[in-house]
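*Asks:* Sending over a structure as structure tokens; questions will come in a sec.
The values are calculated or read from the model by the stated rules, or taken from the named source; none is laboratory data. Please read all numbers here as calculations on a predicted model, not as lab measurements. When we count neighbours, we look across all protein chains shown, and the Cβ atoms used for this are built from the backbone with ideal geometry, even at glycine.
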Amino acid sequence: MSDRGSLYGGKVLLVGHDHHYREILGDELSERGFSVRSFGDGESLLGALDTAADADVVVIDWALPQTSGIDLLPQLRHHGVNLPVVFLTAHALPAHEIMAFDKGAIDFIDKGRGVDVLVKRIKSVVKAFRPAADSSSHSVIASGRLVLRPDVSRAYWDEVDLGLTIGEYNTVHLLVSNVGRYVTYRSIYDRMTSEGFVAGDGDNGYRANVRSAIKRIRNKFRKHDPAFFEIQNSTSLGYCWRRPAEDQHLTASTGADQ
């Protein structure tokens, strides 16, 4: 394990079995002002979770020994580590990409794109998920039975913590910030990942990832409230957080399960 650089660009927890590649990527990130703590496998990271306290992002190689990258992610969540997670892979299979996003990853990056692209994508994630510096970011946001705590990126429904991932929380925050107005698939996807990133099959492939993310979010709400239907859908417009004052007896025609 090694620590590098200053905290100017953010702190990265880098997990990868290839020592040579890990050193190269760590050096590139350090040269751009990041602090990097590197681990050779998932067990090493799980044994040093105190390092996550002031970290900004976890970068995980898909092909880890013993505990695979995709299996490491839910273990981190189980231990209360809700940092954004980026996967690196030498085999960018669509099935793996879908699995990564379904598990709550923020980005899925092909190593073949080159180190410069990887560093830019990681930098974008850190920037997107870093809390705003002004005090307004710590204000509680309420909409009906929902309460958001931006200072800790937590969402509460009827005072119960929903256990949303960082990406899921940011999606709900975006919708609630535009309550009563539809937010486009593209805007939601950019909030989930990093602006301009495209994944999936074709130019509109990201829509499938957005639909999967919204489904996961709804399921977490419905675990505590089976009647939850605040998130509405329009195939052409996107998604909308229903105004609390609107009629509670909306019909299924709102597309609540799309």
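*Asks:* For the stretch 142-162, enumerate the residues that are under 25 Å from K127 (Cα atoms) and in contact (Cβ under 8 Å) with a residue 60 or more places away in the chain.
*Replies:* Listed by number, the residues that qualify are S153, L162.
*Asks:* Let me ask another. Can you name the residue in the stretch 4-60 that is charged (D, E, K, R) and farther than 21 Å from A128 by Cα and, of all such residues, is modelled with the lowest pLDDT?
*Replies:* R4
*Asks:* So which residues in the stretch 153-190 are surrounded by fewer than 17 Cβ atoms within 10 Å (Cβ to Cβ) and closer than 17 Å to H78 by Cα, if there are any at all?
*Replies:* If the condition is that a residue be surrounded by fewer than 17 Cβ atoms within 10 Å (Cβ to Cβ) and closer than 17 Å to H78 by Cα, then R154, D161, G163 are the ones that fit.
*Asks:* How many of the residues making up the stretch 97-115 are under 19 Å from I214 (Cα atoms) and not in a strand (DSSP E or B)?
*Replies:* So the answer is 10.
*Asks:* For the structure I just gave you, tell me whether F87 is modelled with pLDDT under 90, out of contact with any Pro (no Cβ under 8 Å at 6 or more places or on another chain) and surrounded by 22 or more Cβ atoms within 10 Å (Cβ to Cβ).
*Replies:* When the stated conditions are applied, F87 does not pass them.
*Asks:* Can you work out which of the residues in the stretch 205-230 that are buried (at least 22 other Cβ atoms within 10 Å of the Cβ) and touching a Lys or Arg at 6+ places or on another chain (Cβ under 8 Å) is modelled with the highest pLDDT?
*Replies:* My answer is E230.
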